[in-house]
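Report on the structure given below.
No value in this document is a laboratory result; all are computed from the given coordinates. Note that the structure is predicted; figures quoted are calculated from it, not measured. No Cβ is skipped: glycine too gets one built from the backbone with ideal geometry, and neighbour counts run over all protein chains shown.
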Amino acid sequence: MPNRLPAARFALALFVPSLALATRPPHGWPPNAFLPLTAARIAALPAGERPAWEAYWSASEKLNRRMPHRPGPDASPSHPLASPPKGGLHTKGLRLDEDAAWYASSIAQTTADRAAAAQLPCGGWDKGMDYTRPSVPRTEVQTEEPGTFDNDATIFELRFLARVIAAAGSGEDPRRAAWRTAFQRGLRFVCDSQYPNGGFPQYYPLRGGYHDGVTFNDDAMVHALELLRDIAEGARAYAFVDTAAREEAAERLGRGIDCVLATQLHAPDGRLTVWCQQYDPLTLRAAAARNFEPVADCARESAVIVLFLMSLPDPAPKIVAAVDGAVAGFRETALHDLRVRRAPADGRGEAGPSPGAPPLWA
C-alpha cells in the first residue's frame, strides 16, 4: 500500500487548516495520483487476466460510441483551490422510507413515471434529477452523459421503482410494465458496469479521470452492493425479479465483497484498518481524486462499509476479521475532547476544545 498520512496529522490538517498550510504548502497531485482505465493498461496485464478486462473495455467503448457526444474527463481541479469546493448535485423526490402502502399512491406512481422517463440510454441515471416537478423535460436529461452511482444516483431510482412495482401487484397495467422494463434495464446497467475484479466505477460507460476508480466515495459502491444483496436474498420489494436475475445478483455480490476485502488498508505492522475513498481499477491501490480527496483513511465511508459487511448473513471468517480490524482502527483514530461548531451562515465547521465531548473522526 502507498504511504498514508498518519491519522493524527490528517485530523490536524482538517481541523487546523492554517497550521497545515504553514507546515505543508499546497501542491497539485502528481501525474499518477489517479489513473483511468485504458486499453494500453489492460494490454500490459498478465495474459490470463486480459480477456475479462478486454471484454469489459470493449463493451464500455461500444456504449460510448453510441452517445451523441462523448464527454471528456471531469475538469474538477487537482491543483490548489482558491475557494471552498461546491456542493454536489443530489436527486430530489425519491422517497424510500415510506410505508409499503404509500407506494401504491398516485404521487408514488407519478414519480415512478418520471424516473422511468429520465432513464438514460445506457440504462443508468444522471445525478441531480428533480422528480418533484410536474415533468422531467428531456432537454434536462443529458443523453450524452454516462450513467452514474455518484450521490445516490441510479441505485435510488431502482429502489424506488421496485417499491412502486411491488405495491402495484401483478396486474397488466401498462405503467407497471414500463416501470418493470426500466428496472430491468437499470439492473442490467448495474451488472454490466461492475469491473471483473468486483469493483464499481463512478460512471459507466467509463468517462476517464478519477471517475474510473473503484469508488467508495459517497457510498457509491456500497449502495450497488446493498441492492444486489437485497435482490439475491429475495427481499419483499424484489419478489418480481426472476430467478436468473437473482442468481446473477448473488454472483456479482460475491465478487463485490471480494473487492471490498481486497481494498481494505493495512497498518504498517500489517493489521487490517479501514478504507480509502477510491482505488485504482486495475491494481486496487489506494488513489487520490480531486485535490480535497487525498489518499487517506476515510472514517465515514469506512463506517458504511462495515455496516454493510455486518448485514451479511453467516459471514465468512475473513469478513469478520475485516470488521474487527476496522473497528479497532476506529478506536485508535478517535479524536477526544473536541467539538465542531458550525456557522449558521455557511455551515462551515470549526473545531475547538470541549472536555468530555463524544469522540469525533476525521
Straight-line reach from LYS92: which lysines fall under 30 Å, measuring Cα to Cα and dropping same-chain residues less than 8 apart?
LYS127
What whole number of Å gives the distance from the Cα centroid of region 153-208 to the Cα centroid of region 288-318?
24
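In Å³ and rounded to a whole number, note down the convex hull volume per residue for the Cα atoms of region 219-362. Numbers along the way, then the final one.
Working: hull volume 24.8 nm³, N = 144.
Spread over its residues, the Cα hull of region 219-362 gives 172 Å³ apiece.
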Give me the number: length gained by fully extending ILE319 to THR243, i.e. 0.36 nm times residue separation minus the C-alpha to C-alpha distance, one decimal in nm.
24.7 nm
Rounded to the nearest 0.05, FRET efficiency between THR283 and ALA177 (Cβ-Cβ, R0 41 Å) equals 0.40
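I need the trypsin sites (Lys or Arg not before Pro) found in region 321-362, filtered to DSSP loop residues with at most 14 other beta carbons within 10 Å of theirs.
Details: sites: ARG331, ARG339, ARG341, ARG342, ARG348; in loops: ARG348.
Sparse-neighbourhood loop trypsin sites (Lys or Arg not before Pro): ARG348.
If each residue of separation counts as 0.36 nm, what is the full-extension length gain between ARG66 and ARG50 once their alpha-carbon separation is subtracted?
Details: separation 16, 0.36 × 16 = 5.76 nm, distance 2.44 nm.
Answer, rounded to one decimal: 3.3 nm.
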Can you work out the Karplus-derived ³J(HN,Hα) for every residue in region 246-257? Use 6.51 cos²θ - 1.76 cosθ + 1.60 with θ = phi - 60°, whole Hz, and x for glycine or proline.
5, 5, 5, 4, 5, 5, 6, 4, x, 4, x, 4
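Do you know the relative contact order of region 239-362, to the nearest whole percent, from alpha carbon pairs under 8 angstrom that are 6+ apart?
Working: 139 pairs, mean separation 22.3, N = 124.
Over region 239-362, the number comes to 18 percent.
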If packing is taken as the average count of other Cβ atoms within 10 Å, what order do 105-113, 117-125 fall into, highest mean first?
117-125, 105-113
Among 47-55, 305-313, the order from most to least packed when residues are scored by Cβ within 10 Å on average:
305-313, 47-55
Please give the peptides 58-67, 216-225 ranked by average Cβ packing (other Cβ atoms within 10 Å per residue), highest first, as a rough proxy for protection.
216-225, 58-67
Rounded Å value of the spacing that divides the Cα centres of region 219-275 and region 88-106:
24
Show the residues, 5+ positions off or on another chain, whose built amide H is closer than 5 Å to the amide H of ARG339.
GLY352, SER354
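As an exercise, use a Förster radius of 56 Å and the Cβ-Cβ distance of SER83 and ARG236 to find the FRET efficiency, rounded to the nearest 0.05. Please list the in-between numbers first.
Details: r = 47 Å, r/R0 = 0.83.
The computed FRET efficiency comes out at 0.75.
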What is the spin-label model distance, in nm, from GLU332 to LYS92 if the labels are put 7 Å beyond Cα along the C-beta direction?
4.5
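So if I take the alpha carbon set of region 158-278, get Rg, then get Rh from the Kirkwood formula, what is the Rg over Rh ratio?
Working: Rg = 16.5 Å, Rh = 15.6 Å.
Over the Cα atoms of region 158-278, Rg/Rh equals 1.05.
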